[in-house]
Amino acid sequence: MLPALFAEDELCLLLARGRLPPDLRARALELIVGQIQWDALWRQAEEHQVLPLIHRSLKTLEFQGVPGEVRARLTADFRQNAVRNMLFAAELERLLRLLGEAGIRVIPLKGVTLAESLYGDPAMRVCSDIDILVPSSDALRARSLILAAGYRSPFTDDFFARHQFHTSADCPLLAERGGLSYFVELHWTLLQHSSKDAEAMQDLWSQAQPRDYYGVQAYSLSAEWQFIFLAYHAAYHKWQILKWIADLNDLCASAPIDWPLVREKAARFDLEFIVGPTLAVCSRLFGTPVPADFPALTIPAGVPLFPNSLDPAKAWNAPLFQAKLLKRPSEKLRWFFEMLFVARMSDRMAFNLPPSLDFLYFLLRPLRLARKWARLFLSAGHNRLRKWLKTIN
């Protein structure tokens with residue numbers, strides 16, 4: 001059961017879903033006619049990227065009890081997001097066509113296509129980028145085609161082929177047109193650092209089905225792999241953003257998921273720590289029914305769920321949670337060394353070296369991380385000391 005919530009947090013949870021059953025509709029109206037602090041609700045909804053869903057739910061309630069200025073603000077934000085997603089959809093169509101004509105299989109991940117499949121409207125999700133998945137054998141060629149189509153990368157082709165392709169799960173690419181930035185993440189793997197990744201990707205592609213996206217033929221994940229992918233993404237980020245949990249809740253309610261097959265895949269690809277706890281999080285926050293095949297689900301200790309957020313005093317070690325998703329010590333060790341030494345886009349932004357000096361990132365990244373973590377660790381210690389001094393005064 002959820003602990004006692006402020007009215008604004010409870011209303012946010014009720015409205016952040018694609019479907020509002022009659023019992024929840026009645027409770028939402030009961031909360032709205034109370035003393036809702038709309039600014040507080042807005043802050044939570046914006047932080048957790050669920051404003052489009054909240055606008056839709058309030059619209060189904062005919063905005064009863066919603067102040068006019070709040071309704072106008074919600075509507076303006078929704079329309080702005082809808083326009084941005086329309087442009088993202090057009091760009092996704094262009095990329096799918098580009099890769100498809102080159103004979104590269106591609107699967108759109110999350111984004112506007114997920115909004116359309118779950119909620120029937122591409123405007124229903126807040127999207128900041130375009131994620132696409134290609135087979136690993138086509139990743140280098142897909143990257144070259146996208147770069148030739150007007151995108152740019154902070155890293156050279158050689159650095160990508162020799163280092164990032166073998167140590168990263170995605171490749172960030174950026175283009176700017178018409179005042180809008182298009183940020184594309186090209187994926188070729190799912191279970192980064194896991195020894196089961198190659199086998200899992202083979203299984204994923206064997207079950208992918210052809211599908212039409214905006215008049216272009218591409219592929220889609222099976223319902224089981226859609227759940228596993230979204231669960232993995234949410235777990236990788238410690239289940240911190242409500243949007244991801246809302247997606248999973250609606251996927252469980254609308255997709256024909258073969259749960260015994262999900263459990264079999266979880267066991268075969270070492271995903272028990274991801275699939276089970278994600279279902280527990282969904283059940284805790286949204287009341288998502290848990291299949292009988294997943295008994296006694298628990299949420300890992302130290303995971304703050306909505307309406308709480310990660311304690312700033314613990315933010316310095318938050319990335320270390322990702323290692324817990326890996327099962328074997330050898331995988332954890334590989335994750336540690338790649339996290340410590342392999343350059344990311346943030347490193348390039350901090351140290352914009354010429355291509356001939358790309359190798360220096362292997363030295364600069366650990367130095368940058370050490371500085372960042374030391375600052376966060378000292379800040380956490382200062383906060384603890386200040387709290388302790390208050391208790392003895």
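The values are calculated or read from the model by the stated rules, or taken from the named source; none is laboratory data. Predicted, not measured: the structure shown is a model, and the values here were computed from it. Cβ sites come from the backbone with ideal geometry, for glycine too, and all protein chains shown count toward neighbours.
Details
- Some residue of the stretch 20-30 being assigned to a loop (DSSP other than H, G, I, E, B) and more than 17 Å from ASN249 (Cβ to Cβ): no
- All positions within the stretch 133-156 that are modelled with pLDDT under 90 and not aromatic (Phe, Trp, Tyr): PRO154, THR156
- Residues that are surrounded by 18 or more Cβ atoms within 10 Å (Cβ to Cβ) and free of Cβ contacts under 8 Å to residues at least 24 places away in the same chain, drawn from the stretch 205-224: SER222
- Highlighted here are the helices (runs of 4 or more DSSP H) found entirely within the stretch 48-137 that include at least 3 residues which are in the same structural domain as PRO172 (by TED's automatic domain parsing): 68-101, 111-119.
- Exactly one residue out of ALA280, ALA246 is at pLDDT 95 or above, more than 27 Å from SER206 (Cα to Cα) and among the hydrophobic types (A, V, I, L, M, F, W, C): that is ALA246.
- Filtered residues of the stretch 146-193 (kept if small (Gly, Ala, Ser) and at positive phi): GLY150, GLY178, GLY179
- Applying a threshold of 7 Å to beta carbon distances and a minimum spacing of six or more residues, or different chains, the list of pairs starting in the stretch 337-355 at a residue that is closer than 15 Å to ASP170 by Cβ and ending at one that is among the small types (Gly, Ala, Ser) and modelled with pLDDT of 70 or more reads VAL342/SER168.
- Which numbered condition CYS12 misses (of (1) touching a residue at least 40 places away in the same chain (Cβ under 8 Å); (2) closer than 29 Å to HIS187 by Cβ): (2)
- Some residue of the stretch 148-161 being outside any loop (DSSP other than H, G, I, E, B), touching a residue at least 40 places away in the same chain (Cβ under 8 Å) and surrounded by 20 or more Cβ atoms within 10 Å (Cβ to Cβ): no
Listed here are the residues, each with its yes/no results for (1) modelled with pLDDT of 80 or more; (2) surrounded by fewer than 16 Cβ atoms within 10 Å (Cβ to Cβ).
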site	(1), (2)
PRO304	yes, yes
GLU331	no, no
ASP347	no, no
THR391	no, yes
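- Filtered residue count, the stretch 225-249, keeping only those that are closer than 20 Å to GLU46 by Cβ and crowded, with 18+ Cβ neighbours inside 10 Å: 12
- Within the stretch 249-262, the residues that satisfy the criterion of being assigned to a helix (DSSP H, G or I) and either aromatic (Phe, Trp, Tyr) or over 22 Å from the mean Cα position of the chain (by Cα) (or both) are TRP259, PRO260, LEU261.
- If you go through the stretch 173-192 and keep only what is of a type outside the set (S, T, N, Q) and either part of a helix (DSSP H, G or I) or buried (at least 19 other Cβ atoms within 10 Å of the Cβ) (or both), you end up with LEU173, TYR182, VAL184, LEU186, HIS187, TRP188, LEU190, LEU191.
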